Amino acid sequence: MSLLVVGLSHLTAPVTVLERAALTGGTPARLLHDASATPTVSEAALLNTCNRIELYADVDKFHAGVAELSRLLAEHGGVDLEELTSHLYVHYEDRAVHHLFSVACGLESMVVGEGQILGQLRDSLALAQDEHTAGRGLNELFQQALRVGKRAHSETGIDKAGQSLVTFGLEQVAAGAGEIAGKRALVVGAGSMSSLAAATLSRAGVSDLLIANRTPERAERLAATLGARTVALAKVPQALADVDLVISCTGSPGVVIPAAEVAAALAVRTAATPLAFLDLALPRDVDHAVHELPGAHLVDLESLSRADSAGPGAGDVAAVTEIVAEEVAAFGAAQRAARIAPTVVALRAMASEVVGAELARLESRLPDLDDRSRAEVAQTVRRVVDKLLHAPTVRVKQLAAEPGGASYAEALRELFDLDPGAVRAVSGTPVGPQAQPTGGSLAGGAAR
């Protein structure tokens with residue numbers, strides 16, 4: 001496959017841009033279908049998180065692919081393409097694989113080493129599978145990325161040092177509004193991030209935990225697992241006056257908790273501690289104006305992006321970086337070796353046809369040859385052909401696994417005059433060299 005990734009993240013775009021470009025509701029599925037429908041794209045997958053939007057695709061043309069994926073991200077995100085382009089990064093082939101493996105290991109996360117990205121990668125692959133936009137290539141790539149991420153967490157200390165965004169956010173809340181233990185908390189939303197937040201709060205020892213969600217049944221299921229209570233989403237404005245901490249992550253396209261409702265709750269609230277908010281949604285759930293309200297303390301993705309996290313040590317990061325480099329090399333070698341397999345199969349099929357034709361010719365010339373002699377001759381001819389083909393086919397597989405190895409498949413086809421149609425019939429893909437541009441940033445900087 002010719003892998004291309006076009007995206008933006010907290011490393012290249014301010015939260016305000018990420019917020020405007022956020023893909024919510026049914027938009028991710030529509031984007032995948034639109035990408036797959038373009039002439040240059042055969043497979044597509046989308047990694048869509050609170051601080052990253054990346055479109056992965058198997059493309060047949062690099063420049064056309066970049067243009068199409070960029071246009072689609074701008075169109076579905078509702079951001080002008082010219083503005084979005086300055087925040088986009090592009091990776092191609094091995095650099096794209098390296099980027100995805102780094103993301104899977106948490107090296108590209110807002111909180112370096114956090115493990116929640118693995119669940120988000122699984123969700124991305126599941127969506128592409130459900131929408132039938134991921135084929136064999138992206139399935140293998142994402143499955144391998146998940147394995148690399150798990151390996152990094154099991155073989156290095158990044159698993160212990162890495163924090164989830166929820167944990168990091170709660171640390172920032174505690175720094176400004178006091179310890180979490182003993183607080184009365186409200187979680188708005190019941191998706192994966194909200195569920196993680198609710199479970200984290202329960203372990204942290206909150207005195208009371210409320211769950212509110214657009215779908216009451218989901219809120220009730222989550223509350224039942226944690227011994228929490230539910231509150232109707234319409235009752236959230238009233239509940240604000242009775243809690244100390246609110247975590248919100250709904251995926252709603254607009255503000256869920258307006259500043260006016262917070263101000264009203266603060267006016268009747270009797271607790272001496274600030275009313276704290278942790279907004280993990282993109283676009284934001286809590287009105288940005290809450291930052292200015294006396295008695296309120298808001299931590300959102302914008303403030304988290306500016307905070308210093310107590311991330312893993314340099315040694316763990318270096319160890320994971322080595323794992324990523326090793327896995328990228330192995331994946332690339334396997335992909336290059338797989339590319340020559342159809343040529344080898346076609347060569348052996350041609351040899352089998354030649355042997356069959358010559359044995360038929362022998363039978364017509366020597367019709368009196370007994371069955372035992374005929375079988376012995378056939379076995380000898382096949383053995384000779386197999387021995388002659390063994391060394392070159394084994395060696396060409398080894399050479400093809402090296403960088404630039406695609407030329408050996410082309411040489412094999414030329415030397416044995418193999419029918420390109422026969423190779424295509426085995427592989428199901430076009431034959432011939434393709435352009436290999438390097439990764440880069442659309443903004444003109446180095447690819448991240």
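The values are calculated or read from the model by the stated rules, or taken from the named source; none is laboratory data. For clarity, every value in this text was computed on a predicted model and none was experimentally measured. Because the Cβ atoms are built from the backbone with ideal geometry, glycine has one as well, and the counts that use them run over all protein chains shown. In case anyone asks, the SASA skips ligands and DNA or RNA and just uses the protein heavy atoms, side chains included. Shrake-Rupley method; radii C 1.70, N 1.55, O 1.52, S 1.80 Å.
Being at positive phi and in contact (Cβ under 8 Å) with a residue 40 or more places away in the chain is the filter here; which residues of region 211-253 pass it? Matches in region 211-253: GLY251 only. Restricting region 174-189 to residues that are at pLDDT below 95 and open to solvent by less than 10 Å² (accessible area, probe 1.4 Å), the residue that is farthest from PRO237 (Cα to Cα) is ALA177. Every test in (1) open to solvent by 40 Å² or more (accessible area, probe 1.4 Å); (2) in a loop (DSSP other than H, G, I, E, B); (3) not hydrophobic (A, V, I, L, M, F, W, C) is passed by GLU261 save one, and that test is (2). Just one residue in the set GLU322, GLU302 is in a helix (DSSP H, G or I) and closer than 30 Å to LEU3 by Cα; that residue is GLU322. Note on region 36-69: among residues that are small (Gly, Ala, Ser) and open to solvent by less than 10 Å² (accessible area, probe 1.4 Å), the one that is farthest from GLY119 (Cα to Cα) is GLY65. Within region 216-258, the residues that satisfy the criterion of being part of a loop (DSSP other than H, G, I, E, B) and under 24 Å from GLU19 (Cα atoms) are CYS249, THR250, GLY251, SER252, PRO253, GLY254, VAL255, VAL256, PRO258. Note on region 1-52: among residues that are charged (D, E, K, R) and not in a strand (DSSP E or B), the one that is nearest to ARG136 (Cα to Cα) is ASP34.
When ALA296, ALA289, ALA281 are checked against the criterion of being at pLDDT 95 or above and surrounded by 20 or more Cβ atoms within 10 Å (Cβ to Cβ), ALA296 stands alone in meeting it.
When LEU55, LEU81, LEU47 are checked against the criterion of being over 28 Å from VAL324 (Cβ atoms) and at pLDDT 95 or above, LEU81 stands alone in meeting it. Filtering ALA357, ALA338 for residues that are part of a helix (DSSP H, G or I), small (Gly, Ala, Ser) and surrounded by 13 or more Cβ atoms within 10 Å (Cβ to Cβ) leaves a single hit, ALA338.
Any residue in region 155-171 that is at pLDDT below 95, hydroxyl-bearing (Ser, Thr, Tyr), assigned to a loop (DSSP other than H, G, I, E, B) and open to solvent by less than 40 Å² (accessible area, probe 1.4 Å)? Within region 155-171 (the criterion being at pLDDT below 95, hydroxyl-bearing (Ser, Thr, Tyr), assigned to a loop (DSSP other than H, G, I, E, B) and open to solvent by less than 40 Å² (accessible area, probe 1.4 Å)), the answer is yes, since at least one residue qualifies.
Whenever a residue of region 105-132 is over 18 Å from ARG147 (Cβ atoms) and touching a residue at least 60 places away in the same chain (Cβ under 8 Å), its partners that are aromatic (Phe, Trp, Tyr) and part of a helix (DSSP H, G or I), lying with C-beta atoms within less than 8 angstrom and at least six residues away or across chains, give the pairs MET110/PHE168; VAL111/PHE168.
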